[in-house]
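Contents: one structure, followed by commentary.
Each value in this text was obtained by applying a stated rule to the coordinates, not by laboratory testing. Predicted, not measured: the structure shown is a model, and the values here were computed from it. Ideal geometry is used to build each Cβ from the backbone, glycine not excepted, and the neighbour counts take in all protein chains shown.
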Amino acid sequence: MKKYIYTILVLAATATSCRKYVEIAQPGIRTLKYTTDYRYLLDNSQTFEGSYSTPILSGDDTEYTDPKQQNVIQTSWANAYTWSDYYVPETAGDVDWEKLYNIIYNCNAVTDGVMKSEGGSDAMKRELYAEALVHRANCYLTLVTLYSKQYNAATAATDLGVPLLLTPDLFANLKRATVATVYSQILDDLKRSVAALPALPTYNIRPSKAASYALLAKTYLNLRDFKTAGLYADSTLQLQNTLLDLKAYSDEPGTIPKRLVDPEVILSKIVNGYYAGIPISAYALNLLGTNDLRYTMFTRDGSAFFPSFKGRANWRYMLNGESAIQTGPSVPEVMLTKAECLARQGDAAGAMAVVNALRKKRFLDANYTDLTAADANAALKIVVDEREREFTGRGFRWFDQRRLNLDASFAVTKTRVFKGVTYTLAPTSNRYVYPIGQKYILMNPEIQQNPR
């Protein structure tokens, strides 16, 4: 039964534009043999750009208040929005789980075979191996922050993580590794990748040193090692630090760069599926304010969507026709990681300097004023608010809620009303951990379900 999860992954991999690249040789079908085969595999953006989707619904920057919307929302979305016991029925797959493990399977195929492949230089083989490590680390970082408890040094050695698969073995044991073990593997993959990667990629769907450093900064932020996270943020920004100046696009928002040429994107990852018309919460809109270009350019009134609704929703992904919500490491994210680390280390002035450097690119000159903080605690609150402004509608807020619950000043109970029922989410609730699809547990009993 263990191979069930992998059967899905192999079929998913062969359904893409890289259909010819399969693990088992078949008559008339070419297997992974040459170094260029691995290059083509890793360049398959249909597979490797995938990330997550459901966190867009779970975070408090999303708020369904229009009854019309509440009545037409699909069941799995409603379940994620209300932090339910399960999100998908027993017979259905979890898109995020399958997408991430599909990428991991392909990464493992690369690490297992690329160094023995024919026709490529050793440098190219090492680079491809390193790219696979970065993609795998990113997947495990996403999985462990969706389906496991937030990292806590006191309990991480016993808290259940996710199945940790490091070889393309269809019959591997799927028993869940601990949170500590998963994070250790993430750090190991990222640190091993750096030496063989270029400073910046030819295309941002390919990992680079900047991407490895950015993911290391994000990982250490989750680990609450703020000094190390800040150092890796510095290393990232030394290589890539360009911000889009939204003033340059305010008159013609549709000319904003597409993701593969967006200088802010360090490693392109996009939401799985199509999430249109997700209403932004009143709190998030109030944080933005109407003078912020992220409000005027990146949100639209509900009348612009079908079905229409009262409120506003994310429009950033619609501006240039791509319909792709970017979730990968970016210059703004790394800057705000740096700012948070400075605030947590007592440097309020340094934190505010970084925040204001970002904000200057998000306002017309006539509407801009620097933000100030009286102390480090005030600076930290400003950084957290700026993260919500910058990443509204992209799922980041759910991950921030989880990790900030370990800070007493941010650990508050969330409530939302849906179809007349009030739902609450306490800071210590098990509902901050996503349920694993029952389908996978039925087929692989060694996978332990998360408590609800």
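Shape of segment 259-407 from its Cα gyration tensor (a ≥ b ≥ c, root eigenvalues): rounded if a/c is under 1.5, otherwise prolate when a/b > b/c, or oblate?
prolate
For LEU200 and VAL421, what does the FRET efficiency come to when R0 = 56 Å and r is the distance between their Cβ atoms, rounded to the nearest 0.05?
0.70
If packing is taken as the mean number of other Cβ atoms within 10 Å per residue, what is the order of 384-395, 235-246, highest first?
Result, highest mean Cβ count within 10 Å first: 384-395, 235-246.
Over segment 285-401, what is the relative contact order in percent, taking alpha-carbon pairs closer than 8 angstrom and at least six residues apart?
About 25 percent, as a whole number.
Here are some values of Cα extents along the principal axes in Å: (1) 74, 45, 43; (2) 67, 53, 42; (3) 65, 48, 46. Which one was computed from this structure?
(3)
Can you give the relative contact order of segment 101-224 as a percent, counting alpha carbon pairs under 8 Å and 6+ residues apart?
27 percent
Can you spot the lysines whose alpha carbon is less than 27 Å from LYS68's alpha carbon? Ignore those fewer than 8 places along the same chain.
LYS310, LYS414, LYS419
Could you sort 438-446, 36-44, 297-305 so that the peptide with the highest average Cβ count within 10 Å comes first and the rest follow in order?
36-44, 297-305, 438-446
Got a sec? Charge dipole of the chain, +1 on Cβ for Lys and Arg, -1 for Asp and Glu; which of ALA324, LEU285, GLY346 is way out at the positive end?
ALA324
Which one of ALA195, TYR151, GLN238 has its Cα pushed farthest toward the positive end of the charge dipole of the chain, where Lys and Arg give +1 and Asp and Glu give -1 at the Cβ?
Final value for the positive-end residue is TYR151.
Picking from ASN444, ASN356, LEU404, whose Cα lies most toward the positive end of the charge dipole for segment 350-452 (charges on Cβ: Lys, Arg +1; Asp, Glu -1)?
Checking the options against the dipole of segment 350-452, the answer is ASN444.
Expected output is a single nm value to one decimal: the length gained when fully extending between SER308 and ASP225, i.e. 0.36 nm times separation in residues minus the C-alpha distance. What is it?
That pair, SER308 and ASP225, stretches by 25.5 nm at full extension.
Which of the peptides 329-336, 401-408, 261-268 is most tightly packed, and how do the rest follow, judged by the mean count of other Cβ atoms within 10 Å per residue?
Going by the mean number of other Cβ atoms within 10 Å, highest first, we get 329-336, 261-268, 401-408.
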